[in-house]
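One structure is given here, and the rest of the page talks about it.
The values are calculated or read from the model by the stated rules, or taken from the named source; none is laboratory data. Model, not experiment: these values are computed from the prediction. So basically every Cβ, Gly included, is an ideal-geometry build from the backbone, and we count neighbours across all protein chains shown.
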Amino acid sequence: MSEPLPSPRIRVLDPATINQIAAGEVIERPASVVKELVENAIDAGAGSITIELTSTKDTLAAIRVTDDGCGMSETDTSLAFVPHATSKISSIEDLNRIRTLGFRGEALATIAAISRVTLTTKPAGSGPVAGTRMVIEGGIVLETTGTGCPDGTSILVEDLFFNTPARKKFQKSRNTELAYIHDICEGICLSHPEIAFHLVHNGSEQLITDRTGQPLDTIARLYGSTVVTDLIPVELCLPFIGIRGFVSRPSLSRKDRARMLISVNQRYITSAGINDAIKAGYGTLLPKDRFPVAFISIIIDTTLVDVNVHPTKKQIRLSREKEVYDAVRAAVREALFSHDLIPSAELPQSPTALVKDPAFSPPTYPVTDLQPPGIVAESTHAGTVTTDQRLRQTELPLDALPAVTGTSLLPKMEVIGEFGGIYILARTPDGELLIIDQHAAHERILYEQVTGQAGALSSLQELISPVVLHRTPKEAAILRDLMPTLAGEGFILEEFGGDSFLVRAVPVILGRVEESSVIDEIISDLVSEEASESISNRERILRIVACRGAIKAGTVCTNEQCQRIVDQLRRMQNPFTCPHGRPTMIRFTRHELDARFLRV
């Protein structure tokens with residue numbers, strides 16, 4: 001007699017379990033419910049959407065989303081909560097040309113599987129015909145009746161995760177969950193300024209936007225008009241992509257990426273790659289640890305976008321990724337350098353206009369007043385001899401001006417004084433007072449000199465006495481990787497046993513190196529300061545050399561030397577910041593000064 005076969009270890013899950021697992025992937029928290037329901041309302045052609053939140057002291061108790069969209073018939077209502085029932089696609093080919101926000105037919109089914117849902121809906125334009133009311137609990141339809149209701153759809157979700165205690169246990173505090181909802185709503189509002197949104201919490205209005213075709217109106221509603229005054233319009237149109245939106249002036253930045261909001265084909269998404277491209281567009285206008293405010297909308301051929309890569313559809317895949325990133329970076333850079341970026345020290349005041357005219361052209365100034373360096377008298381003051389030597393190294397002939405010859409992004413400046421060995425005071429023909437950071441200004445000059453000339457650092461000077469550097473094992477490992485690049489830029493190092501190195505030569509542009517501590521500081525910067533930043537090793541070296549080779553803060557300069565610094569700065573392609581993103585200058589208008597002395 002044969003032994004009975006063992007029970008199978010693989011089994012097919014029942015539909016209820018399948019739905020709860022799917023719900024755990026698609027519905028992570030209450031904000032996920034809001035996102036899915038609001039996106040359904042947008043797909044339904046709504047012009048106005050209201051989100052009502054009800055909470056107790058500790059948790060969100062109910063979410064209601066109401067829209068004035070197309071609504072549903074009783075027949076469609078009976079299918080709306082069936083898994084993978086959708087009106088958005090009919091075949092696999094449709095996945096390549098999706099223009100709606102939802103398409104998989106998962107949202108309503110997964111929400112209903114883990115909550116108590118009440119749906120009321122009525123087709124738009126159906127007249128006096130009654131609407132439909134459906135009640136579902138844990139995925140089971142309890143009631144379907146006719147009801148009186150306005151055109152459109154209203155969905156009430158209560159007791160979220162009531163039958164999935166593990167998921168409910170890991171929800172955050174009420175205020176944290178509300179913050180997630182606000183984040184989702186802000187992104188969707190910005191992606192759809194043509195829709196009016198209304199967010200209410202326990203009867204209190206939290207967010208209101210108007211139905212407008214002007215994204216700036218929506219931005220002002222969400223973040224205030226003072227933010228809008230610091231925004232610059234971005235626009236670029238290429239055969240396969242269109243980019244529109246706004247980025248902040250360098251004077252407005254944040255320590256995080258929370259105000260970088262991106263939409264692709266009007267779908268609010270998160271994209272580290274696009275965020276990096278926006279930051280790259282600023283180049284050295286921002287410090288490495290600061291991020292701009294940006295509201296960017298990208299319209300791209302749907303066949304180049306895969307939105308079906310994540311259950312929540314908040315991430316996408318691009319088939320021409322590098323081209324998209326390059327386009328975003330170029331659009332941001334072009335927008336920034338078409339505007340005057342000198343930060344103002346203006347007094348706080350109510351803005352009279354949201355942004356400058358998009359047709360605004362930044363002022364340019366003639367450079368015919370800039371004379372060739374000529375003969376510079378040797379200073380006899382011991383403290384300024386080194387400064388003279390450094391300034392000679394960065395003197396540029398007139399034919400080394402930017403591509404737009406004959407113009408400068410800065411006005412003519414007449415030095416009127418110096419303060420604290422740090423700041424140069426200058427006036428313009430228009431009566432503005434400019435305060436210039438002499439180190440940041442000379443650092444920018446030196447940086448553009450070494451980046452604009454191939455092999456600018458390759459001219460080296462041998463040290464009379466090689467400098468011995470002792471590094472930690474971690475630093476030594478990094479330094480070994482950098483040695484080939486360092487050699488190409490004029491730093492000749494060789495290993496000296498263990499984790500020690502000999503420095504035999506440095507770039508001539510550093511001037512006469514009299515203290516070994518300078519070399520030690522440069523190498524220390526290379527192995528630590530910007531090691532984690534996504535820039536090339538050569539770029540890191542150039543920035544550090546520019547910083548270490550520039551005139552230091554605290555160096556007392558003569559008026560003639562200060563004038564040479566500002567004249568050299570006027571020749572730069574980006575005279576507004578140092579290579580690390582700090583401003584080179586700020587300005588006071590005569591009106592601003594008069595206001596501070598109560599003369600207006």
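Quick notes on this structure:
- For K172, the conditions (1) within 30 Å of R249 (Cβ to Cβ); (2) modelled with pLDDT under 90 all hold with the exception of (1).
- Close pairs (6 angstrom Cβ cut-off, 6 or more residues apart or separate chains): free of Cβ contacts under 8 Å to residues at least 12 places away in the same chain in segment 239-252, surrounded by fewer than 21 Cβ atoms within 10 Å (Cβ to Cβ) and not in a strand (DSSP E or B) anywhere: none
- Some residue of segment 539-546 being modelled with pLDDT under 90, under 15 Å from Q438 (Cα atoms), outside the structural domain of L252 (by TED's automatic domain parsing) and part of a helix (DSSP H, G or I): yes
- Leading residue by the ranking (modelled with the highest pLDDT) among those in segment 285-332 that are closer than 30 Å to R444 by Cα and in a loop (DSSP other than H, G, I, E, B): V293
- Contact map, segment 40-68: residues that are part of a loop (DSSP other than H, G, I, E, B) paired with residues that are of a type in the set (D, E) and surrounded by 18 or more Cβ atoms within 10 Å (Cβ to Cβ), Cβ distance under 7 Å, separation 6+ or inter-chain. Pairs shown: A44/D67; A46/D67; A46/D68; G47/D68.
- Residue in segment 451-468 that is in a helix (DSSP H, G or I), modelled with pLDDT under 80 and closer than 30 Å to D499 by Cα present: no
- Residues that are in contact with a strand residue (DSSP E or B) (Cβ under 6 Å, 6 or more places away or on another chain) and surrounded by fewer than 18 Cβ atoms within 10 Å (Cβ to Cβ) within segment 227-240 comprise E235, L236, listed in sequence order.
- Among residues of segment 576-600 being free of Cβ contacts under 8 Å to residues at least 40 places away in the same chain and part of a helix (DSSP H, G or I), the one that is surrounded by the most Cβ atoms within 10 Å (Cβ to Cβ) is H591.
- Residue match in segment 583-600 (condition: small (G, A, S) and closer than 22 Å to P250 by Cα): no
- Scanning segment 407-450 for residues that are assigned to a strand (DSSP E or B) and more than 33 Å from the chain's Cα centre (by Cα) gives E414, V415, I416, G417, E418, F419, L425, A426, R427.
- Flag if G131 is assigned by TED's automatic domain parsing to the domain that holds A41, over 18 Å from V65 (Cα atoms) and at pLDDT 55 or above: no
- Residues within segment 181-205 that are within 27 Å of G138 (Cα to Cα) and touching a Lys or Arg at 6+ places or on another chain (Cβ under 6 Å), tallied: 1
- Here R249 qualifies as crowded, with 16+ Cβ neighbours inside 10 Å and modelled with pLDDT of 90 or more.
- Look at segment 268-283: where a residue is in contact (Cβ under 8 Å) with a residue 12 or more places away in the chain and farther than 27 Å from R444 by Cα and a partner is of a type in the set (D, E, K, R) and crowded, with 16+ Cβ neighbours inside 10 Å, sitting 6+ places away or on another chain with Cβ atoms under 6 Å, you get I269/K314; T270/K314.
- Helices (runs of 4 or more DSSP H) wholly inside segment 158-226 that include at least 1 residues being surrounded by 19 or more Cβ atoms within 10 Å (Cβ to Cβ) and under 24 Å from the mean Cα position of the chain (by Cα): 174-191, 215-223
- Restricting segment 551-574 to residues that are assigned to a helix (DSSP H, G or I) and buried (at least 19 other Cβ atoms within 10 Å of the Cβ), the residue that is farthest from the chain's Cα centre (by Cα): Q561
- Checking each residue in segment 172-216 for being more than 21 Å from G69 (Cα to Cα), of a type in the set (G, A, S) and in contact (Cβ under 8 Å) with a residue 12 or more places away in the chain picks out only S173.
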